[in-house]
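Engineer: Before we start, here is the structure in question, set down as structure tokens.
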Amino acid sequence: MDRINILDYSPIFEGSNARDALLHTKNLAQLADSLGYYRYWVAEHHQVFSVAGSTPEMLMMQLAASTSRIRIGSGGVMLPHYSAYKVAENFRMLEAFHPDRIDLGIGRSPSFRLVNKALNEAREKRLPYEQQVADLYKYLTDDTKEEHRFKDLAATPVTRRLTSRPRKGKCISVAVFLSLFGFSIYQPLLSQPRC
């Protein structure tokens, strides 16, 4: 059986507004749930006035609470803008409320320069993306055996199941690195691979 998914940017249609777009996303997720779709992905876009999806975790909580069966995923959270620890805690919270229905997709788009600057203003230095992915894996697996600069730090709430971890693939080297951690890779049909 094919697993059909929807990727929703929460577009703001002409003559509409952000609230209307988010309610449309909620209604579409409920319809997809009733029709047997497998997963509903939501996107993260900043400073794009034609879409309302700027915080996937917040939107995912609303969609998961408004549906009963369909998996809800981020397609994806732009990891370089955030702490891997905070991302892990956000998704553990989602998983605690909606067990076996939450999927974490990550990406590394820098976004627009001004957005990038605002999201990273207080950071003195950035961690390499590969380090952030390794950190995220550590926090989602409760690994305290491997050497890590925060070896004894655990992401809470502790849930009974590891949140699944698909990642939007952009190039072979990143895909190979992520596969070493057991991440699933998918390539959206609407974008061109770039490295």
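Engineer: Work out how much length ALA96 to ARG113 would gain on full extension: take 0.36 nm times their residue separation and subtract the Cα-Cα distance, in nm to one decimal.
Structural biologist: 2.6 nm
Engineer: Can you send over the solvent-accessible area of HIS45, 1.4 Å probe, protein chains only, in Å² to the nearest 10?
Structural biologist: We get 60 Å² for HIS45.
Engineer: Rounded, prolate or oblate: pick one for segment 1-150, where a ≥ b ≥ c are the square roots of the eigenvalues of its C-alpha gyration tensor, a/c under 1.5 means rounded, and failing that, prolate if a/b is larger than b/c, else oblate.
Structural biologist: Oblate shape, in that a/c is at least 1.5 and b/c is the bigger or equal ratio.
Engineer: Keeping all protein chains in the complex and leaving out DNA, RNA and ligands, what accessible area do you get for PHE13 with a 1.4 Å probe, in Å² to the nearest 10?
Structural biologist: Approximately 110 Å² of PHE13 is accessible to the 1.4 Å probe.
Engineer: Let me ask something else about it. Between Rg and the Kirkwood Rh of segment 49-131, both from Cα atoms, what is the Rg to Rh ratio?
Structural biologist: 1.00
Engineer: A follow-up question, please. Ranked highest first by average number of other Cβ atoms within 10 Å, how do 88-96, 19-27, 57-65, 116-124 line up?
Structural biologist: Ranked by mean Cβ neighbours within 10 Å, highest first: 88-96, 57-65, 19-27, 116-124.
Engineer: Next up: To the nearest 0.05, how large is the calculated FRET efficiency for ASP142 and SER83 if R₀ is 22 Å and r is the Cβ-Cβ distance?
Structural biologist: The formula returns an efficiency of 0.80 here.
Engineer: Hey, what do the phi angles of segment 69-79 turn into as Karplus ³J(HN,Hα) couplings, whole Hz, using 6.51/-1.76/1.60 and θ = phi - 60°, x for Gly and Pro?
Structural biologist: Here the 3J(HN,Hα) series is 10, 4, 6, 10, x, 9, x, x, 7, 7, 3 Hz.
Engineer: Counting only residues 5 or more places away or on other chains, whose amide H sits under 5 Å from the amide H of VAL51 once H atoms are built in the peptide plane?
Structural biologist: Long-range HN contacts for VAL51: ILE12.
Engineer: Another question, if that's okay. Can you give me the C-alpha center-to-center distance between segment 20-49 and segment 94-152, rounded to a whole angstrom?
Structural biologist: One Cα centre to the other: 24 Å.
Engineer: Run the quick spin-label model on GLU14 and THR156: label points 7 Å from Cα toward the beta carbon, then report their separation in nm to one decimal.
Structural biologist: So the two model labels end up 5.2 nm from each other.
The values are calculated or read from the model by the stated rules, or taken from the named source; none is laboratory data. What you see is a predicted model; the values in this text were computed from it and never measured. Heads up, the Cβs are rebuilt from the backbone with ideal geometry, glycines too, and the neighbour counts pull from every protein chain shown. Note: areas computed on protein heavy atoms with side chains; ligands, DNA, RNA excluded. Shrake-Rupley method; radii C 1.70, N 1.55, O 1.52, S 1.80 Å.
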